[in-house]
Amino acid sequence: MQKLVFISSLPISKLFGEKLDAWWFANNGFDVEFWDLARLFYPAEGLRSYFGGANDYRYIGPGHRVFEHPEPFLQALGALGRDAAVWHLSRFYKSVPDDWVFAELQQRAIPFYLQHFDTMVEPLQFTQKVRAGLTARKQRLLNRKLLPKGIVGSGRLGRKQARLVFPNAHFVSIPSIKVRWQPSAPLVEGSYNLFVDESVDYAPDAKMLGRIICNDPDAYYARLNRLFDDIEQWSGVPFVIAASGKYHYKRDRFNGRRLVYGETLPLIQHAQMVVGHMSLALDQCLVSKKPVLIVDDPNFTEAKRRGFPASLVHGVAKPVLVTEVARSVYLKSLSLRTELIDQLVCDYLREDEVSSDYYSILRRELSEPRFSGTGVITAYKSRTAAVAK
């Protein structure tokens with residue numbers, strides 16, 4: 001049975017873990033373990049803050065192992081057989097000092113894959129393009145000693161970005177795991193508008209990094225509910241609130257409106273229109289061709305607003321201050337630019353020629369002949385030594 005080890009140097013949320021679905025591989029012919037290295041790179045208090053908004057926000061994968069010191073991790077690596085492959089989930093752009101992890105993988109000739117699920121939104125302005133190009137070159141330099149067997153990613157621009165950072169790595173093109181490609185059964189009877197919530201009461205990344213994203217949450221929710229009141233009047237359709245599950249509300253923030261946790265993508269599929277900020281889940285609006293209104297708030301901080309240009313739906317809907325959403329703005333948001341949406345899907349979420357599903361593509365890729373035999377391992381080690389010089 002093929003041994004597959006998922007490794008992450010960053011904390012893994014339930015949201016990401018369920019999209020990755022390591023359990024599917026465990027149930028379909030792979031001997032799977034999930035190795036959590038976050039405690040080697042982040043203080044315990046920061047990790048507690050990251051997962052502190054909901055009791056079930058931490059992802060637990062098959063054969064889950066948490067490493068708090070390097071020695072047990074190195075021992076576990078040494079125990080892997082020659083049929084093992086590693087899928088490292090948190091290194092495309094370098095964010096933590098984990099070069100030594102890859103040095104150990106390469107020294108042992110253990111083939112590994114990386115992921116580039118979050119294709120970066122290509123900038124339009126000249127200065128932004130220059131900055132993005134410099135970032136790619138910097139990351140290429142930081143990753144120059146890494147020899148991944150492949151990069152798993154999505155879209156035409158995902159392929160381009162992978163080649164910029166890892167020019168010699170094979171690109172495994174998949175339909176994005178961030179969206180749902182097959183239709184789901186309706187969860188709500190009748191027509192509804194949908195708000196894709198990003199809690200400002202408790203944002204895991206901001207908590208872990210000690211950042212503030214909203215200076216006055218009470219005022220923010222008051223303005224948001226007034227917006228819902230207006231759109232409900234204009235459309236004659238009620239709002240449903242889609243909450244990701246990062247944070248479980250302790251009090252009613254939405255004036256009694258229905259709140260649904262952990263079902264954002266199927267809710268988007270059947271919504272009449274969608275309101276949101278910059279959640280990755282909003283990519284589903286493109287695949288499902290749903291009208292979307294992106295709102296900003298006067299109390300959002302710069303740390304929050306930095307995410308707007310990096311949001312894919314920014315390409316079809318520019319942020320509007322919640323206090324400036326008149327009926328004309330709402331009606332304009334209902335217009336769909338289908339040709340532009342199709343191009344964004346191809347560029348960022350699924351290349352036109354990709355027809356198989358994520359699981360089929362990865363099973364085929366991971367089941368190919370691995371590094372085996374002294375000659376191949378010697379050649380791999382020689383290549384690693386050459387790159388290290």
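Remarks
- For region 1-122, a/c is less than 1.5, where a ≥ b ≥ c are the root eigenvalues of the C-alpha gyration tensor. That puts it in the rounded class.
- Farthest towards the positive end of the charge dipole of the chain, among the residues HIS116, GLN2, PRO167, is the Cα of PRO167, using unit charges on the Cβ of Lys, Arg, Asp and Glu.
- Candidates per trypsin sites (Lys or Arg not before Pro) in region 239-346, loop by DSSP, up to 15 other Cβ within 10 Å: LYS250, ARG251, LYS289, ARG306, ARG337
- Screening the chain for whole DSSP H helices of 20 Å or more along their axis (Cα) with average Kyte-Doolittle hydropathy at least -0.5 returns 126-142, 374-388.
- Exposed loop positions in the chain were taken to be GluC sites (Glu not before Pro) whose DSSP state is not H, G, I, E or B and which have at most 13 other beta-carbon atoms within 10 angstrom. Between these positions, the longest stretch is 190-352.
- Cα-centre dipole for the chain with unit charges at Cβ (Lys and Arg positive, Asp and Glu negative), debye to 20: 1280
- Residues with amide H under 5 Å from that of ILE7, placed H, sequence gap 5 or more: TRP35, TRP87, HIS88, LEU89
- Peptides 23-30, 292-299 ranked from most to least packed give 292-299, 23-30, packing being the mean of other C-beta atoms within 10 angstrom over each peptide's residues.
- Overall shape: oblate for region 283-358, with the ratio a/c of the largest to smallest alpha carbon gyration tensor axis at 1.5 or above and b/c at least equal to a/b.
- Unit charges on C-beta of K, R, D, E only; dipole of region 1-157, Debye: 780
- Shape of region 193-346, Cα gyration tensor, a/c cut at 1.5: rounded
- Eligible aspartates and glutamates near LYS14 by straight Cα distance, threshold 12 Å, same-chain separation 8 or greater: ASP56
- Based on Cα contacts under 8 Å between residues 6+ apart, the chain shows a relative contact order of 17 percent.
- Relative exposure of CYS285, CYS346, CYS214, judged by other C-beta atoms within 10 Å (fewest first): CYS346, CYS214, CYS285
- Straight-distance crosslink candidates among lysines, where the alpha carbon sits under 23 Å from LYS145 and sequence neighbours closer than 8 are dropped: LYS94, LYS160, LYS381, LYS389
Taken together, the values in this text are just the output of simple stated rules run on the coordinates, not laboratory data. The shown structure was predicted, so the numbers you read here are calculated from the model rather than taken from an experiment. Every residue, glycine as well, gets a Cβ built from its backbone with ideal geometry; the counts of neighbours run over all protein chains shown.
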